[in-house]
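The numbers here are math on the coordinates, done by the rules we state, and not lab data. Everything numeric here is computed off the predicted structure, so don't read it as measured data. Because the Cβ atoms are built from the backbone with ideal geometry, glycine has one as well, and the counts that use them run over all protein chains shown.
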Amino acid sequence: MRSGEVTFEVEPEDDITAEQLGAVLRSADGSASLSEISAKTGVAPDKLTSILLPAQITGLLADRSVPEAESPMVVLSSVEHVVNRLLEELIFNGPFWRAILDHPEQVEPNVYYGFGLENWFFLSRESEFDSAILSYPSSDAIRGMANDFYHEEHRHDDIVVRAFEGLGISREDLVTARPLSTTSGLIKLLSWWARTDPLFFIATIGILEGRLEQAEGEGAYYDSFLRACATAGIPTHFVEPLRQHARVNAGHDHGSVSREFFAALPPLPAGTQARLVGKAHLFVEAYAEFFNGILEYYGDPGRPLVRTIGSSPVTTTAGVEDGRP
Amino acid sequence: MAGHELLRRPTLRREVERTETADGVRLSYLADKHWIELEYLEGRADESRKFFEALASGTRTADDLATEFPGSREEFDAVLEALDEQGMLADSDTVPLGSGITGVGAYAQLKRAADAARATINSPFTDALVAGKVSRDQIIGYAIEYWHVTHLCPRALAPLLARDDIGIEVWQQFMAFYQAERNHDRMLEKSLKAVGITREQLLQMQPLPATMSIMATMGVHAYQFPLGIVSTLFPMEEPEPDFLELFLARCRENDLSEEFFKPIAAHSGVNEDEEHEAVTLDLLAEFSFVGNEELNECAKAVVDIIELRARLDGQIMSWYADGGLRIFSDAYPVATGRALTCSPLAALL
């Protein structure tokens, strides 16, 4: 066979006749599947492969079969269902949110401050995971959106850091301090996914930015948290910067970020939905631990608010007092 | 844009239960943790029921649904927004035809792109081999750069093994390929030892810019573009029997011993024996779908590697004419460096 400058020989096995060989090559015109060619020519499927493989390696055979693909928005819809369900079961029905929603006045002030602190740790390392998708190589649209999003998120930690000034905690204190392992665990999971399965990471952004937070323009759970702060008498100098951050996110409509990305994606290979749906469970588990870890640690008022590395792993750099009047 | 406006074929999740109330419909989701009651407009109950049937069927686009809605577009949007806030909406979008091809089909296109590129690009090193105008130092230089490629190869390939979005078949095949490529630099070290170049020296050498660009390209693809690294394997791995024959003849003419060229020939044979040429096809065959833009990015990556290889062959000719070993501390052969970097590469013009 010869095509342009490429020539190669086909040496069929002994029991294949020249007529069969000719029939196989004539049938490879894009109109028949391999099994149809096999039935038509009487050449067994494995023999067919040995005839056609050299032509395939040389690039002489195209593939006219319809590729198996999944719609990105359908895939994301399935992920959303998992998240909707597990947010209810593991997060809003978990110890942290039950305490905040059911008896906010009984919750230790440190839990409110701790929520702010752990959110700051998360925001201050957001570049670690967001940056990994900036160069998304297979889509110009995704690259553009990822860079816009990165830009919008930049310095959000500075908004929240003001919440801690009234508690005597400076930015320097925070930089020296370390997050709870439930927070660092979530950060590293997201960073890992952003690098090893960027599509899944993108599916999580809308959840982290609060898809369920749009009800009152700021967000259901941030709103609930801010309401609980008011009930518990947490001072406004702590609450206001958090409220401001929630407003900034709502202003950018960050709760829809995953949908915007997925709406811009080309179809996805078969099997993507199963992969993402599986991981979504793991993600919400880690997200639930993020919240519940806050209550577990900060619920004990004897523990330091700011955890640093020192002679003791739980020393504090800031003398923090109950900020309530 | 509000979330529900991004849905192309909005539909009620199949987990949403609908029950008729006295004057409207109640929708419930997640064991009634999320629910919403909507009143039908007076005198339009039948149309409203039909609308919710249509919404549940998942067969209409958002615009089609809006026309079936008994009310204004604003009211339609408000209803969808309310349902979406409760998490009740999914998308039943379909994959448009012509948005991509199979991995096997992608291979054929990449192969043709590679062949088309090769038809217009020639290698200055191969040209010199054919013309008998290659020096002993240039042949040794070729082996040194070949060593850099094999030495950097595991570093360039490894990042793909960390990916978790390529499927287990691709991962396993790639792991086998990675393992097969390990320690190939040791074979080249045997060659170079025969001409007095030690491993210690090699480890101090800088590769030519094109060599490093090739390996950096493949390494970065392996980090962030799985189809990119898979696609660029075949232009690096295809056996070149004609080249090898010519190479061995010129080695003999330049008094290079068998100790020098045997391991190079053996390595080339390794690539052939292990059917490395088909590695890209084997891996791509595991991808059920490659989108058009992604395929174009892969084709760009393939042709880029072919151009870089030609550039590398030009750089071997210019640097190893008289540049010596690329161990740089304080001295640098400026004239050779200028020849390397300032003269146009005829092969690519």
Taking every alpha carbon pair in the stretch A:150-213 and sorting the distances into 10 angstrom bins from 0 up to the bin holding the longest one, the percent per bin comes out as 17, 38, 36, 9, 0
Quick calc of log₁₀ I(q)/I(0), chain B, Debye, one scatterer on every Cα, no solvent, q values 0.06 1/Å, result -0.39
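How do A:S31, B:S231, B:S318, B:S329 rank when sorted from fewest to most other Cβ atoms within 10 Å of their own Cβ?
Details: A:S31 9, B:S231 29, B:S318 22, B:S329 6.
Starting with the residue having the fewest Cβ neighbours, the order is B:S329, A:S31, B:S318, B:S231.
Counting only C-alpha contacts under 8 Å and six or more residues apart, can you give the relative contact order of chain B as a whole percent? Kindly include the intermediate steps, with their values, before the conclusion.
Numbers: 420 pairs, mean separation 79.0, N = 349.
Relative contact order of chain B: 23 percent.
Of B:D91, B:D185, A:D102, how do they rank once you tally other Cβ atoms within 10 Å and put the fewest first?
Numbers: B:D91 26, B:D185 21, A:D102 10.
Ascending number of Cβ neighbours within 10 Å: A:D102, B:D185, B:D91.
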In whole Hz, the Karplus estimates of ³J(HN,Hα) for the stretch A:9-15 (6.51, -1.76, 1.60; θ = phi - 60°; x where Gly or Pro) are 9, 9, 10, x, 5, 3, 7
When B:L227, B:L27 are ranked with the fewest other C-beta atoms within 10 Å first, the list becomes B:L27, B:L227
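When the helices in the protein assembly as shown are scored as -39500 (n - 2.57) per DSSP H run of 4 or longer and the sum is shared across all residues, what 222 nm value do you end up with, to the nearest 500 deg cm²/dmol?
Details: 33 runs with 409 residues, N = 674.
For the protein assembly as shown, the value works out to -19000 deg cm²/dmol.
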Distance in Å, no decimals, from the C-alpha centre of the stretch A:115-151 to the one of the stretch B:300-338 is 38
Within the set A:T204, A:T183, A:T58, GNM on chain A using Cα springs under 10 Å gives the largest fluctuation to A:T58
Excluding residues fewer than 8 positions from A:K188 in its own chain, the lysines with Cα under 30 Å of it are A:K279
Expected max-MSF residue from A:L61, A:L276, A:L76 in the GNM of chain A (alpha carbon, under 10 Å) is A:L61
Most fluctuating of B:P96, B:P154, B:P207 in the GNM of chain B (C-alpha, under 10 Å) is B:P96
Restricting to lysines and to Cα separations under 30 Å from A:K40, and discarding same-chain partners fewer than 8 apart, the set is B:K111
